1. Tally the residues that are free of Cβ contacts under 8 Å to residues at least 40 places away in the same chain and of a type in the set (A, V, I, L, M), restricting the search to region 265-317.
2. For the subset of region 147-175 comprising residues that are assigned to a strand (DSSP E or B) and of a type in the set (Gly, Ala, Ser), which member is nearest to the chain's Cα centre (by Cα)?
3. Where in region 204-314 are there strands (runs of 3 or more DSSP E), lying fully within it, with 2 or more residues that are touching a Pro at 6+ places or on another chain (Cβ under 7 Å)?
4. So, in region 119-141, exactly how many residues are under 11 Å from the mean Cα position of the chain (by Cα), surrounded by 19 or more Cβ atoms within 10 Å (Cβ to Cβ) and not in a strand (DSSP E or B)?
5. If we scan region 223-238, do we find a residue that is in contact with a strand residue (DSSP E or B) (Cβ under 8 Å, 6 or more places away or on another chain) and crowded, with 18+ Cβ neighbours inside 10 Å?
6. Would you mind stating whether PRO202 is farther than 24 Å from GLU283 by Cα, in contact (Cβ under 8 Å) with a residue 40 or more places away in the chain and buried (at least 18 other Cβ atoms within 10 Å of the Cβ)?
7. Quick check on my filter: what residues within region 176-199 are in contact (Cβ under 8 Å) with a residue 40 or more places away in the chain, assigned to a helix (DSSP H, G or I) and either within 18 Å of the chain's Cα centre (by Cα) or surrounded by fewer than 15 Cβ atoms within 10 Å (Cβ to Cβ) (or both)?
Amino acid sequence: MKPRVFFQQTVLSRSILLGLLGECLSLASLEAAKLEISSFSNGGYLEASTTQLVCDLEPVTGVYQEGTTVMRSGSSGQVYDIDTLVIPSGFEVNDDSYVQIAATATNTDGTDYSVTADATWSSASPEVSTINKGILTPSGVFEDTPVSVQAVYRDLVALGTVTILDVDLDNYITSPYNFAGDGIPDSWQLAYFKEGSGYASPQASPSLDGRVNYFKYALVLNPVRYESGSVIQTSSVTVDNEDYLLIIYTKPANVLSSIAYQASFGDDPTASTNSSSGVLHNEVDNGDDVTVQWRDTVPLSSPRFAVLDVAYTDPTR
């Protein structure tokens, strides 16, 4: 039988006390015992200097202390109920890492305790791989992405947010074509193609101009626009009273390691290799991209030409 709800304090005899707390077994004298029943079902507060209670119907969770007996939610003859459940918001986690989130229950008497391991965790966001005992492991994202998380403990629900930071630029899993690990940033592919589109492949040329996607990414070009002209510029610069040929191109500010650039100079355009690799003359930071100038090491006293090679290493092979 569950105790009825009272608000007043009452001095109880041994028989009345055992009737109200019939789920517990008294092991000592209950003279001068005092019982305060809270407004919550099966709640209350028991004090007795010589009283100890043994409750074996369900385990005590939260707080239990002997002496002056205090029991929390989940125990037979529980004392205080849980008032709130909270998980913090504002966490950030890299998309190649994980983060621990805590869940805290607060009782009606103001005390609190962790229920992180006991709560049921979930997220409706596909960017979250798993949440196990508050440890959130993200899936790959293509841009910084806020996601919602939820913890449920008993009948209380707590909501929070975590921002997944896009630090691995090439790990966004798509289907049927998988953008992850193909050597081109996911954000670049999604700026021009639908998720899972085979036209986003590094070796594809959706504009049919013969220039494949990895080349257009490397030189900050639109992959769906037909390009017929030169994508590099040439100029000259005077150094120590000598004129030198410059080759100028633009590349992404944070280009992936799958892309490599080589500027070469020579005097025979029919030669299979060029005679000089040049030196870096200047870089101009434009924010999202960088304008690069390479300079020949041989003066322009005779005809010179320049070549820019863009190499791609397929990380899937």
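1. Number satisfying all stated conditions: 4.
2. Top of the filtered list is SER148.
3. Working: elements: 233-239, 242-252, 259-266, 279-285, 289-299, 305-312.
Correct list: 242-252, 305-312.
4. 2
5. Just the residues of region 223-238 that are in contact with a strand residue (DSSP E or B) (Cβ under 8 Å, 6 or more places away or on another chain), to begin with: 231-238.
Among the residues that remain, those that are also crowded, with 18+ Cβ neighbours inside 10 Å are: none.
The answer is no; no qualifying residue exists.
6. yes
7. ASP186, SER187
Bear in mind that the values in this text are calculations on the coordinates, not laboratory data. Because the structure is predicted, anything quoted here is derived from the model rather than measured. Neighbour counts are summed over all protein chains in view; Cβ atoms, including those assigned to glycine, are modelled from backbone coordinates with ideal geometry.
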